[in-house]
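I have a structure I would like to understand better, so I am pasting it below and will then ask my questions one at a time.
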Amino acid sequence: MSTHRIAVVVGSLRRDSLNRQLANGLARLAPADFAFTHVEIGDLPLYDQDDDANQSAPVKRLKAEIQAASGLLFVTPEYNRSMPGVLKNAIDQASRPYGQSAWTGKPAGVIGISVGVIGTALAQQHLRNVLAYLDVPVLGQPEAFIHAHAGLFEADGSIGAASKTFLQGWMDKYVAWVKSHAG
């Protein structure tokens, strides 16, 4: 059985991030032939085109982790009606220098959680626009704008009963999406 290696990019650096919890809970819903690895984005320098010819070690590590993955999972909060700057910086770093993007062709899922009632709808839309430019095929349906609520997560970090059916359905579609793009 071959393993589908998924690079998980969480758009929040906060230790107790709801989006990190969601990413971990979703990974538990995936089949055994999927392995999820969180990629570190908090140590990346701010993108500067002057550094393209001599990228830092954290940027090289990020690009290698993305290139080694068979799929991507973006789990992002929404800051000021868009994606967080740390996430955009990671995307920019791994897409440069021009023509050497690590993201190209990697099938992706986009999801997020927020305490706000619209979840992360606008952040996800902005992220989808950027990923489309980078030639990242993104799962279109179902969309999932998760509103944080009591009982969403069990004490062990798994997805709670009230949300499990919906999120299992999302994960099943994501798994099929990644497999449909497998080389």
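No value in this document is a laboratory result; all are computed from the given coordinates. Note that the structure is a prediction, hence the values are computed from the model and not measured. Note that each Cβ is placed from the backbone with ideal geometry, even for glycine, and that neighbours are counted across all protein chains shown.
Any idea how far apart ASN80 and ASP16 come out in nm if each label point goes 7 Å out from Cα toward Cβ?
Using points 7 Å along Cα→Cβ, the separation is 2.6 nm.
Can I ask one more? Per residue of the chain, what 222 nm ellipticity follows from adding -39500 (n - 2.57) for every DSSP H run with n ≥ 4, rounded to the nearest 500?
Calculated at 222 nm, the ellipticity per residue is -11500 deg cm²/dmol.
Name the residues whose placed amide hydrogens come within less than 5 Å of the amide hydrogen of VAL10, ignoring near sequence neighbours (fewer than 5 apart) on the same chain.
VAL39, VAL75
Nearest 5 percent is fine: what portion of the DSSP beta bridges confined to the chain is antiparallel?
Taking every DSSP beta bridge with both residues in the chain, the antiparallel ones total about 10 percent.
Could you tell me which residue out of GLY71, VAL115, ALA30 lies farthest along the dipole of the chain toward its positive end? Charges go on the beta carbon: Lys and Arg +1, Asp and Glu -1, centred on the Cα centre.
ALA30
Give a residue-ordered list of calculated ³J(HN,Hα) values for segment 157-173 (Karplus: 6.51 cos²θ - 1.76 cosθ + 1.60, θ = phi - 60°; whole Hz; x for Gly, Pro).
Calculated HN-Hα couplings, in order: x, 6, 6, x, 4, 5, 10, 4, 4, 5, 6, 5, x, 5, 4, 4, 5 Hz.
To continue, here is another question. What whole-number distance in Å separates the alpha-carbon centres of segment 54-97 and segment 103-170?
Answer, in whole Å: 17.
A further question on this structure: In a GNM of the chain with a 10 Å cut-off on Cα contacts, which of GLY99, GLY119, GLY160 has the highest mean-square fluctuation?
GLY99
While we're looking at this one, here's another question. Quote the charge dipole size of segment 4-180 about the Cα centre in Debye, to the nearest 20; the model charges only the Cβ of Lys and Arg (+1) and of Asp and Glu (-1).
For this selection, approximately 280 debye.
Right, here's the next one. Would you kindly derive the ³J(HN,Hα) couplings of segment 115-126 from the backbone phi angles with the Karplus curve 6.51 cos²θ - 1.76 cosθ + 1.60 (θ = phi - 60°), listing them in order in whole Hz, with x for Gly and Pro?
Those phi angles translate into 6, x, 6, 8, x, 10, 4, 6, 4, 5, 5, 5 Hz.
Can you tell which of ALA132, GLY42, ALA57 lies farthest toward the positive end of the dipole of segment 1-132, using +1 and -1 charges on the Cβ of basic and acidic side chains (Lys, Arg; Asp, Glu)?
ALA132
By average Cβ neighbour count within 10 Å, what is the ranking of 34-46, 163-175 from highest down?
Per-residue Cβ counts within 10 Å, averaged per peptide and sorted highest first, yield 163-175, 34-46.
Calculated from the structure, Cα extents along the principal axes in Å equals which of (1) 48, 39, 32; (2) 49, 36, 27; (3) 50, 41, 27?
So the structure-derived entry is (3).
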